[in-house]
1. Please tell me if GLU50 is closer than 30 Å to MET155 by Cα, at pLDDT 95 or above and touching a Lys or Arg at 6+ places or on another chain (Cβ under 9 Å).
2. Looking at GLY200, is it free of Cβ contacts under 8 Å to residues at least 40 places away in the same chain and in contact with a His (Cβ under 7 Å, 6 or more places away or on another chain)?
3. Identify, from the list GLU185, GLU205, the residue that is under 20 Å from GLY118 (Cα atoms), in contact (Cβ under 8 Å) with a residue 12 or more places away in the chain and charged (D, E, K, R).
4. Could you list all residues from region 1-38 that are open to solvent by less than 100 Å² (accessible area, probe 1.4 Å), not hydrophobic (A, V, I, L, M, F, W, C) and not in a helix (DSSP H, G or I)?
5. Would you mind finding the one in VAL223, VAL158 that is assigned to a helix (DSSP H, G or I) and surrounded by 10 or more Cβ atoms within 10 Å (Cβ to Cβ)?
6. Tell me which residues, restricted to region 209-220, are open to solvent by less than 50 Å² (accessible area, probe 1.4 Å) and either closer than 18 Å to HIS150 by Cβ or at pLDDT below 95 (or both).
7. Show the residue pairs that are 6+ apart or on different chains and have beta-carbon atoms under 6 Å apart, the first residue being within region 143-166 and under 21 Å from LEU28 (Cα atoms), the second being open to solvent by 50 Å² or more (accessible area, probe 1.4 Å) and among the β-branched types (Val, Ile, Thr).
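The values are calculated or read from the model by the stated rules, or taken from the named source; none is laboratory data. For clarity, every value in this text was computed on a predicted model and none was experimentally measured. In this analysis, Cβ positions are derived from the backbone assuming ideal geometry, glycine residues included, and neighbour counts consider all displayed protein chains. To get the accessible areas, we keep the full protein, side chains included, count just its heavy atoms, and leave off ligands, DNA and RNA. Shrake-Rupley method; radii C 1.70, N 1.55, O 1.52, S 1.80 Å.
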Amino acid sequence: ELRSQSHAVSKHVAIMGELARLVEVCSLLDVSALEQDLACADDPAGHLRELMKTLDSSTVKIPDKLRLGILYALRYENNSPPNALPAVKEAMRRGGVPLESVGLVDAILKYAGSSVRGPGLYGTNKDLMSKMTKSFMSSVQGVSNVYSQHSPVLMDTVEAMVKGKLKGETHPLVLSGGGTSAAVENLPLPQEILIFMVGGVTYEEATKVSEFNKASGGRMRVVLGGSTVHNSTSFLEELKLL
């Protein structure tokens, strides 16, 4: 039995060693930190500088370069420095990203750019103050883990629903007789929320919902479903079909 346990421990140590090697060789910590910063902070010049350096790196993998370029385009579609997006796409191509994949930058803006997506991803005029407050508090208090600071828009929706502040303009009621209504004020707070995402949910969203359910102590429960569970690879494969 001791020999069997020793073999299992050795196997686990070998796996952890290989994972640590891959993290180091592929610069995964740097990639993850930049991904989180692109999602959570607003720094056009600084992000462009870091992105260009990452795209020129020989250690960063092609899928990671593609993902970072797409995140930058979504974040700074309308307020990037002059000619930044063409320069990013050229750096992606120079860094080894196939031309077909570079084209996904334009595809993602067509699919989820500022003119077509719903509110809340990077803040709108109506919630600008709340976004600034969150940013200020993060700066003052610091972030406990820079690799998991992002919270999906779904959780903003859940929090608004819990507080009875969900807007009828963006989340109308479906009436029993047909049609919809934006009159959602003064409705009783739900004890169970069923959310179904057409197009798919992500593992992060599932994790955050699980954390919410655990923190609520049974007072309120969120049930999350979707037509699939996406990671970045599966999502980009679907994007190619548009």
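1. Values: closer than 30 Å to MET155 by Cα: yes; at pLDDT 95 or above: yes; touching a Lys or Arg at 6+ places or on another chain (Cβ under 9 Å): no.
Here the answer is no, as GLU50 does not meet what is asked.
2. Working: free of Cβ contacts under 8 Å to residues at least 40 places away in the same chain: yes; in contact with a His (Cβ under 7 Å, 6 or more places away or on another chain): yes.
Answer is yes for this residue.
3. On the way: GLU185 fails: under 20 Å from GLY118 (Cα atoms).
That would be GLU205, the only listed residue that is under 20 Å from GLY118 (Cα atoms), in contact (Cβ under 8 Å) with a residue 12 or more places away in the chain and charged (D, E, K, R).
4. The answer is SER27, and nothing else.
5. Numbers: VAL223 fails: assigned to a helix (DSSP H, G or I).
Going through VAL223, VAL158 in turn, the sole match is VAL158.
6. VAL209, PHE212, SER216, MET220
7. Every condition considered, the pairs that remain are GLN149/VAL143.
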